[in-house]
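Following: one structure in structure tokens, then a few remarks.
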Amino acid sequence: MSQGADPLLLVQPADHLIGDQEAFQVALDAALLLANTDKIVTFGVPPAVADTGFGYIKVAAGSGDSSSDGARIERFVEKPDLATANKYLSTGDYFWNSGMFLFKASVYLRELQKHNPAMFSSCESAYRASVLQADAICLSESAFELCPNDSIDYAIMEKTNRAWLVPLNTSWKDLGNWSAMWESAEKDSEGNVQWGDVLADDCENSFFQSDGRLIAAIGVKDLIVVDTKDAILVADKSRVQEVKSLVARLEQQGRTEHLAHREVMRPWGSYDSIGQGHRFQVKLIKVNPGESLSLQMHHYRAEHWIVVSGTALVERDGEEELVSENESVYIQIGQRHRLTNPGSLPLQLIEVQSGCYLGEDDIVRYSDNYNRVDQVTA
């Protein structure tokens with residue numbers, strides 16, 4: 001919001017829908033005045049109903065005008081039961097917690113150091129060990145993993161005396177589940193939402209999303225059907241919150257779908273596991289211009305790279321060669337190798353892995369541009 005040594009930071013979740021942009025600007029203007037006086041401001045949503053799905057914030061009586069300009073926060077409360085939510089609604093002193101914040105960077109850091117020194121120290125260490133790549137600051141992953149997993153609410157807002165609330169007097173939705181997405185999206189005459197390649201016949205009040213393959217549905221109602229690269233979700237619209245129990249079962253069974261997407265982002269680009277079977281795996285690898293994978297070696301797999309677009313600079317046991325479109329190169333088991341995109345356009349290649357073990361932890365890394373020598377990611 002302002003650039004310089006001490007910027008104002010506006011923190012917003014990616015899955016919220018704000019109906020009236022002008023009303024949001026009014027709330028921002030009020031929050032700016034408070035943030036410039038070293039307050040840490042959150043935006044509270046006046047509750048329309050006694051909803052048990054949100055956390056609530058209580059403002060202190062007499063601390064300010066909670067109807068427009070803001071008021072001091074007295075306390076945060078967890079998601080209540082229905083009777084308690086009705087009580088909150090009747091007082092007029094409680095707001096839904098939107099999870100949006102505005103504050104000076106310096107104020108946030110001072111309060112974080114004061115109230116959660118372990119988190120401050122972990123973030124400081126991760127930043128000091130960071131490297132600058134293109135326009136991005138790549139933090140040290142090993143240092144950042146030591147950071148406590150706390151929200152701004154828990155880490156600071158519930159402890160600081162600088163917490164203030166500005167009301168957000170407009171329609172607001174937390175699009176945190178697929179039912180909320182269905183409620184907010186444009187529907188056809190039968191109440192269905194269809195995103196992507198979908199054929200729905202005699203269906204009602206359902207949500208269909210395809211990221212690639214055709215979804216064909218006949219005679220269903222009140223369903224959520226979502227097809228992504230990672231998995232297919234089919235659920236009753238009223239029970240989508242129970243997906244958490246499925247994630248717990250995945251963890252209990254030692255599966256990895258809840259930990260990583262099929263397409264994995266890396267500081268140099270990304271890879272997408274597009275096929276696998278007994279003793280082989282096929283990936284689509286994308287390398288950004290000027291970026292390199294680590295210099296590495298594998299004990300149990302060989303790799304065959306076929307360049308689809310762009311030009312690859314391939315290092316094998318200290319020798320380099322350029323590999324262009326429709327050309328390929330073979331990496332033997334135990335051979336030190338590195339892949340670099342020396343061009344100004346993205347590099348895409350197909351990687352065919354073969355061997356008795358194809359896990360991502362079969363990497364011995366010798367050097368890396370992103371300080372990941374002690375890790376097992378490509």
Item to check | Angle between the chain longest axis and helix 105-115 axis [Cα atoms, degrees, rounded to 10] | outcome: 80
Checklist outcome for this item: Taking the alpha-carbon centre of each part, the distance from the stretch 1-54 to the stretch 230-259 in Å is 32
Checklist entry - For the chain, what is the charge dipole size about the Cα centre, in debye to the nearest 20, if Lys and Arg each add +1 at the Cβ and Asp and Glu each add -1 at the Cβ? => result 980
Checklist outcome for this item: With a Förster distance of 51 angstrom and the Cβ-Cβ distance between S367 and V77, calculated FRET efficiency to the nearest 0.05 equals 0.50
Checklist entry - When you count, for each residue, the other Cβ atoms within 10 Å and take the mean per peptide, how do 242-249, 147-154 rank with the highest first? => result 147-154, 242-249
Item to check | Residue of S344, S210, S270 that the Gaussian network model of the chain assigns the largest fluctuation, springs spanning Cα pairs under 10 Å | outcome: S344
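With a 10 Å radius around each residue's Cβ, average the other Cβ atoms per peptide and rank 25-33, 163-171, highest first.
163-171, 25-33
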Checklist entry - Could you state the number of Å between the C-alpha centres of the stretch 343-374 and the stretch 71-132? => result 38
Checklist entry - 222 nm [θ] for the chain, helices only, -39500 (n - 2.57) per DSSP H run of 4+, per residue, to 500? => result -5500 deg cm²/dmol
Checklist entry - Which stretch or stretches of the stretch 349-369 have amide N atoms under 19 Å from the point lying 7 Å from E145's Cα along the Cα→Cβ direction? => result 359-369
Item to check | the stretch 45-189: C-alpha gyration tensor shape, a/c 1.5 cut-off, then a/b vs b/c | outcome: oblate
Checklist outcome for this item: Residue-ordered couplings for the stretch 6-16, obtained by feeding phi - 60° into the Karplus form 6.51 cos²θ - 1.76 cosθ + 1.60 and rounding to whole Hz (Gly and Pro as x), are 9, x, 8, 10, 9, 9, 9, x, 7, 10, 10
Next on the checklist: Would the chain count as rounded, prolate or oblate if I go by the C-alpha gyration tensor, calling it rounded below 1.5 in a/c and otherwise prolate when a/b exceeds b/c, oblate otherwise?
Outcome noted: oblate
Checklist entry - Hey, could you pull the Cα Rg and Dmax for the stretch 178-242, both in Å? => result 10.6, 30
Checklist entry - Residue by residue through the stretch 328-343, which ³J(HN,Hα) values in whole Hz follow from phi under the Karplus form 6.51 cos²θ - 1.76 cosθ + 1.60 (θ = phi - 60°), with glycine and proline marked x? => result 9, 8, 10, 10, 6, 4, x, 8, 6, 8, 8, 10, 10, 9, x, x
Checklist entry - Given labels modelled 7 Å from the Cα in the Cβ direction, how far is it in nm from E242 to A136? => result 3.8
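Read-outs throughout are calculated quantities, based only on the coordinates presented, and are distinct from any laboratory measurement. Nothing here was measured: the structure is a model prediction, and the numbers come from that model. Every residue, glycine as well, gets a Cβ built from its backbone with ideal geometry; the counts of neighbours run over all protein chains shown.
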